[in-house]
Amino acid sequence: MNSKKILLLFFIILIIFPPHSFAYEKDILIGVLSHRGDKATFKHWSATAEYLSNTLNKTFRIVPLDFNQVDEAIKKEKVDFLIVNSGIYVNMEVKYRISRLVTMNNLVNHHSLNVFGGVVFTRKDRKKINNLSDIKGKSFIAVDETSLGGFQMVWRKLNEHKINPYKDFSKIAFAGIHDNVVMAVLLGEYDVGTVRTNILEKMAEDGLIDLSDFKILSPVKHDTFPFLLSTRLYPEWPFSKLPHTSNQLAQQVAVALLNKSIPHPSNDKRFYSGWTVPLDYQEVHKLFQELKLAPYNKRTPFTLRDIIRKYWTWLLATLIFILSMAIMSSWVFKLNRQLKRSKVDLERQHDLVLNSVCDGIYGVDTEGHCTFMNKSMVNMTGWQPEDLIGKKQHEYLHHTHPDGTPHPSDECPVYHTYHDNITRFIEDDVFWKKNGSSFPVEYSSSSVRDSSGKTVGSVVVFRDISERKQAEEAARKYRADLTHMARINTLGEMASGIAHELNQPLTAIATNAFASIQMLESGSANTEKLIDILEKINHQAEHSGEIIRHLRQFIRKEQPERSLIDLNELIEDVLLMIKPDINRSDVKVVRKFDLHLKKVLAQPIQIDQVILNLCRNALDAMNDTPTEDRILTIATQSSGDNAVIVSIEDTGSGVKQDIREGLFDPFVTSKANGMGLGLSISMGIIDAHQGKLYLDSKPSMGAIFRFALPINQENNNK
Amino acid sequence: MSNAATVFIVDDDEEVRSALQLLMESVGLPSETFSSAQIFLEQFDLNRSGCIIVDVRMPGMSGLDLQAQLATEKLHPPIIIITGHGDVPMAVRAVQAGAIDFIEKPFNNQAMLDSVHRAIEKDAQQRGEVSRLLDIEAHFNELTPREKEVFQYVVEGKRNKVIAIDMGVSQSTVEAHRAKVMEKMAAATLSDLMRMALLLDLL
């Protein structure tokens with residue numbers, strides 16, 4: 001121990017205070033696998049370094065390397081030479097192109113050997129274990145997974161016997177130290193063990209075991225090899241140079257070392273006996289190849305760890321990059337899917353909306369070609385999308401006016417829309433169906449612009465208005481029927497008066513005629529007298545005829561045509577009809593006519609009806625008025641240049657406040673026998689003439705109803 | 001003013017009025033026209049003979065009102081009602097109130113003339129009856145109170161003897177009064193006297 005300490009101290013001093021002569025020169029470093037600890041390494045190899053330093057006049061130093069440091073030391077050129085076991089050498093040879101200079105001669109049990117092997121053994125008393133084929137299912141112990149002599153050589157052998165040490169044993173363990181393996185088998189803890197050659201012999205020599213207690217499995221006899229052996233022989237540790245080390249230096253070192261095989265002070269006789277020419281390491285390569293170990297298996301923990309250690313920053317970066325890429329792409333994918341789904345949703349919604357509206361909708365491009373159409377359009381027109389899309393819609397839908405005249409496409413509102421961008425509403429037109437018939441439509445045509453604001457066509461939304469038109473016609477007819485019915489009703493109420501009115505001239509005519517005959521028969525008549533009478537008869541007959549004509553006109557169903565009418569004349573006609581009522585009611589009629597009244601465009605019978613209704617109401621209103629106060633005043637007047645006003649004023653009891661509210665509503669009446677239709681129908685008529693009917697306030701007794709009618713300027717100027 | 005039978009026409013309608021007048025003229029009947037019932041009442045002399053043609057419906061006083069007014073008089077010319085719109089109740093009322101006829105316009109002119117002639121005849125008859133009644137009344141008024149008393153008893157069917165006892169006179173006195181009554185009343189028989197008593201409302 002003392003000598004070791006001194007040696008170490010010496011080395012430390014040498015490192016810290018190198019001799020002045022070497023101070024400027026770079027030390028030559030020999031990396032040595034420090035498999036038994038740094039102290040042992042220095043102990044074993046410092047003599048060699050010293051020998052080389054002395055021989056070559058350079059400073060050689062030993063650098064202990066543990067298993068993990070070897071790779072990095074080579075890679076970073078921390079050492080110039082390397083002394084490692086055959087396994088590591090083969091790895092480094094493949095990896096860094098290091099090359100062996102010499103192979104160690106191991107001094108073992110007084111034998112100097114440059115090869116070694118593995119031995120498999122069991123206890124001698126294990127009768128059932130006699131060769132390798134017997135060890136399946138048994139427990140097995142070796143030195144170390146990475147130990148060439150302590151495991152891998154036997155593994156190769158087992159492999160050749162189709163035994164997988166990791167699978168075919170009941171248990172496998174690694175003791176770390178050769179002696180422990182031997183002891184574990186001796187104590188029976190494991191059935192079979194393996195160690196490198198010469199261990200058993202050395203232990204026996206040291207008195208630790210008795211070789212006779214053991215049985216060697218698959219023993220191999222070798223002429224030049226003195227130890228128990230179960231495997232091939234493999235070369236011992238090589239002394240190798242790194243690629244950067246100069247060949248000249250390497251050559252000098254090799255020569256020096258080979259010379260060293262001659263006993264030399266630097267040799268540690270207890271450890272090795274010198275160096276030989278380099279052996280072939282092919283068997284080691286083969287072993288690794290067969291067992292698929294590094295360097296022939298990148299996946300060995302060593303290589304992977306190495307890669308991880310070497311490139312961890314890159315790996316981490318790559319991993320992060322891949323991870324973030326994955327996250328990003330999944331995000332993009334998700335986004336894309338969402339987009340796709342929304343697009344599909346939108347399209348579906350678009351279609352759904354388009355196809356669920358009742359109105360027909362179609363698009364037109366700037367060429368007038370139909371671009372799309374919805375389901376309602378198909379239903380309404382009978383045109384299928386394939387009939388219209390891409391075709392000029394005007395020529396299919398819109399070619400002819402309702403009256404049969406052709407509708408040129410340059411007059412088509414749809415075409416105009418995308419030329420001037422003005423939205424158009426057409427209230428009354430027809431579209432043509434596929435079956436050749438047409439139907440009334442109202443439609444709008446609006447221009448469509450793209451995102452840049454450029455007009456790309458127009459969209460037409462249309463509606464079949466057949467039903468509405470029919471309803472309008474029905475409503476118009478209903479109003480006309482109601483109005484007519486009211487006239488008939490009025491006439492019914494007036495019938496006795498009218499009959500009387502007709503009776504008078506008829507009576508007079510009959511009587512005058514009879515009298516004339518009498519006179520002629522009796523010869524008492526003279527011509528002058530008779531002419532006089534006949535003129536009377538003529539006049540009376542004409543008067544009757546007039547009344548009847550008026551009645552017939554009044555009772556007739558209305559004609560929708562309007563004509564220019566003179567309201568003064570119309571009022572006189574009405575007064576003629578209600579003359580019996582006026583007479584019976586003892587009412588004085590006052591006319592206040594504007595003699596320059598302009599004509600109005602109206603339906604005469606309807607206006608007749610209004611005046612008649614208002615006059616009869618006026619007469620009825622004066623029933624309770626003293627006879628001398630009963631005055632019906634009818635006035636006409638111009639209201640500016642564009643309207644005429646007719647006023648009908650009575651001296652009756654007036655319109656009570658509680659009736660005023662719904663005065664013009666149907667079935668509102670203050671009369672015992674009235675239907676309450678007169679004013680509502682009159683209101684309807686005046687409304688239809690764009691006029692206004694209203695009750696005016698009156699300071700004294702009675703009521704004034706007025707109605708205003710617009711004058712058709714154009715017609716009056718004719 | 002002569003009292004020749006005249007047709008009085010009351011109608012507010014001038015045409016009808018003049019036509020009727022012409023009709024009357026054509027058969028030689030004198031006629032006078034009035035445009036309303038009021039005017040007729042103001043101007044008409046009840047003693048004049050003939051008939052009245054009146055329209056039911058007129059402003060102011062109607063034909064039926066006029067008829068009612070005339071009915072209060074002892075004697076008036078028969079009334080023919082003409083109407084443009086007669087209904088049965090109105091006709092019944094008019095006839096019950098004494099109208100001789102109810103004619104709807106336009107009427108058959110011959111029927112009208114017949115009706116007019118019938119009315120004039122009736123008027124004449126009415127006028128005859130009325131003048132006889134006036135005569136009887138005049139005769140009755142000529143009787144002394146005693147004679148009126150005897151007249152009363154006689155038409156009540158009492159015998160002379162009973163009358164004499166009731167009056168407290170002799171039977172011959174009663175007979176003398178009775179002869180005087182018969183003579184003054186120009187009655188040939190007792191039944192004549194009874195008829196006169198009926199007209200005089202003594203029974």
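Restricting attention to the stretch B:74-87, and to residues there that are modelled with pLDDT of 85 or more and of a type outside the set (Val, Ile, Thr), which single residue is farthest from residue A:502 (Cα to Cα)?
If we take residues in the stretch B:74-87 being modelled with pLDDT of 85 or more and of a type outside the set (Val, Ile, Thr), then B:76 is farthest from residue A:502 (Cα to Cα).
Conditions tested, residue by residue: (1) touching a residue at least 12 places away in the same chain (Cβ under 8 Å); (2) more than 7 Å from chain B (Cβ to nearest Cβ); (3) under 20 Å from residue B:16 (Cα atoms).
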| position | (1), (2), (3) |
| --- | --- |
| A:491 | yes, yes, no |
| A:502 | yes, yes, yes |
| A:514 | no, no, yes |
| A:518 | no, no, yes |
| A:521 | no, yes, no |
| A:527 | no, yes, no |
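Could you check how many residues of the stretch B:97-128 are of a type in the set (A, V, I, L, M, F, W, C) and away from every other protein chain (no Cβ under 14 Å)?
Number satisfying all stated conditions: 7.
From the list A:598, A:557, A:579, which one is within 19 Å of residue A:486 (Cα to Cα) and open to solvent by 50 Å² or more (accessible area, probe 1.4 Å)?
A:557
Out of B:90, B:58, I need the residue that is within 14 Å of chain A (Cβ to nearest Cβ), open to solvent by 10 Å² or more (accessible area, probe 1.4 Å), farther than 23 Å from residue B:21 by Cβ and at pLDDT 80 or above. Which one?
Only one candidate passes the filter, namely B:90.
Check the stretch A:221-232 and report whether any residue there is without any contact (Cβ under 8 Å) to a residue 24 or more places away in the chain and of a type in the set (Val, Ile, Thr).
Yes, the stretch A:221-232 contains a residue that is without any contact (Cβ under 8 Å) to a residue 24 or more places away in the chain and of a type in the set (Val, Ile, Thr).
Per-residue answers, yes or no, for (1) crowded, with 16+ Cβ neighbours inside 10 Å; (2) closer than 29 Å to residue B:75 by Cα; (3) touching a residue at least 24 places away in the same chain (Cβ under 8 Å):
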{"residue": "B:136", "(1), (2), (3)": "yes, yes, yes"}
{"residue": "B:164", "(1), (2), (3)": "yes, no, no"}
{"residue": "B:169", "(1), (2), (3)": "no, no, no"}
{"residue": "B:174", "(1), (2), (3)": "yes, no, yes"}
{"residue": "B:179", "(1), (2), (3)": "no, no, no"}
{"residue": "B:186", "(1), (2), (3)": "no, yes, yes"}
{"residue": "B:192", "(1), (2), (3)": "no, yes, no"}
{"residue": "B:198", "(1), (2), (3)": "no, yes, no"}
{"residue": "B:201", "(1), (2), (3)": "no, yes, no"}
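Out of (1) surrounded by 20 or more Cβ atoms within 10 Å (Cβ to Cβ); (2) in a helix (DSSP H, G or I); (3) at pLDDT 90 or above, what's the single condition that is false for residue B:39?
Status for residue B:39: all satisfied but (1).
Restricted to the stretch A:378-413, and to residues that are touching a helix residue (DSSP H, G or I) at 6+ places or on another chain (Cβ under 9 Å) and within 19 Å of residue A:447 (Cβ to Cβ), which residue is most open to solvent (accessible area, probe 1.4 Å)?
Result: A:410.
Could you look through the stretch A:468-488, keep only residues that are closer than 13 Å to residue A:554 by Cα and open to solvent by 60 Å² or more (accessible area, probe 1.4 Å), and pick out the one that is nearest to the other protein chains (Cβ to nearest Cβ)?
Looking at residues that are closer than 13 Å to residue A:554 by Cα and open to solvent by 60 Å² or more (accessible area, probe 1.4 Å), I get A:488.
Just checking, which of A:138, A:127, A:171 is more than 30 Å from residue A:89 (Cα to Cα), of a type in the set (Lys, Arg) and either buried (at least 18 other Cβ atoms within 10 Å of the Cβ) or in contact (Cβ under 8 Å) with a residue 40 or more places away in the chain (or both)?
Just a single option satisfies the conditions, and that option is A:138.
Determine whether the stretch B:143-156 contains at least one residue that is modelled with pLDDT under 90, loosely packed, with under 13 Cβ neighbours inside 10 Å and either hydroxyl-bearing (Ser, Thr, Tyr) or assigned to a helix (DSSP H, G or I) (or both).
no
Among residues belonging to the stretch A:492-550 that are hydroxyl-bearing (Ser, Thr, Tyr) and assigned to a helix (DSSP H, G or I), point out the one that is farthest from residue B:20 (Cα to Cα).
Result: A:496.
Of the residues A:425, A:462, A:439, A:431, which is under 33 Å from the mean Cα position of the chain (by Cα), of a type in the set (Phe, Trp, Tyr) and assigned to a strand (DSSP E or B)?
Exactly one residue qualifies, and that residue is A:462.
Say whether the condition of being free of Cβ contacts under 8 Å to residues at least 60 places away in the same chain, assigned to a helix (DSSP H, G or I) and touching a Cys at 6+ places or on another chain (Cβ under 9 Å) is met by at least one residue in the stretch A:365-376.
yes
Criterion first (aliphatic (A, V, I, L, M), out of contact with any Phe, Trp or Tyr (no Cβ under 9 Å at 6 or more places or on another chain) and either at pLDDT 85 or above or surrounded by 17 or more Cβ atoms within 10 Å (Cβ to Cβ) (or both)) does residue A:322 satisfy it?
yes
Give me the pairs: first residue in the stretch B:40-67 and on the phi > 0 side of the Ramachandran plot, second residue assigned to a helix (DSSP H, G or I), beta-carbon distance under 7 Å, and six or more apart or on different chains, which are they?
Listed by first residue and then by second, the contacts come to B:50/B:120; B:50/B:123; B:60/B:37; B:60/B:38.
Within the stretch A:661-683, how many residues turn out to be open to solvent by 30 Å² or more (accessible area, probe 1.4 Å) and either modelled with pLDDT of 65 or more or in a helix (DSSP H, G or I) (or both)?
Of the residues in the stretch A:661-683, 10 are open to solvent by 30 Å² or more (accessible area, probe 1.4 Å) and either modelled with pLDDT of 65 or more or in a helix (DSSP H, G or I) (or both).
Does residue A:533 satisfy being more than 30 Å from residue A:625 (Cβ to Cβ) and either surrounded by fewer than 16 Cβ atoms within 10 Å (Cβ to Cβ) or within 14 Å of another protein chain (Cβ to nearest Cβ) (or both)?
yes
List the strands (runs of 3 or more DSSP E) inside the stretch A:170-222, counting only whole elements, that have at least 1 residues being aliphatic (A, V, I, L, M), at pLDDT 90 or above and within 13 Å of residue A:149 (Cβ to Cβ).
A:192-196
How many of the residues in the stretch B:7-33 are open to solvent by 10 Å² or more (accessible area, probe 1.4 Å), in a strand (DSSP E or B) and either more than 14 Å from chain A (Cβ to nearest Cβ) or touching a Pro at 6+ places or on another chain (Cβ under 7 Å) (or both)?
Residues that pass the stated criteria total 1.
Working only within the stretch A:581-612, note down all residues that are over 13 Å from residue A:571 (Cα atoms) and in a helix (DSSP H, G or I).
Scanning the stretch A:581-612 gives A:581, A:582, A:583, A:584, A:585.
The values are calculated or read from the model by the stated rules, or taken from the named source; none is laboratory data. None of the values given here were measured: they were computed from a predicted structure. Because the Cβ atoms are built from the backbone with ideal geometry, glycine has one as well, and the counts that use them run over all protein chains shown. Side chains are part of the model used for accessible areas, which takes the heavy atoms of the whole protein and leaves out ligands, DNA and RNA. Shrake-Rupley method; radii C 1.70, N 1.55, O 1.52, S 1.80 Å.
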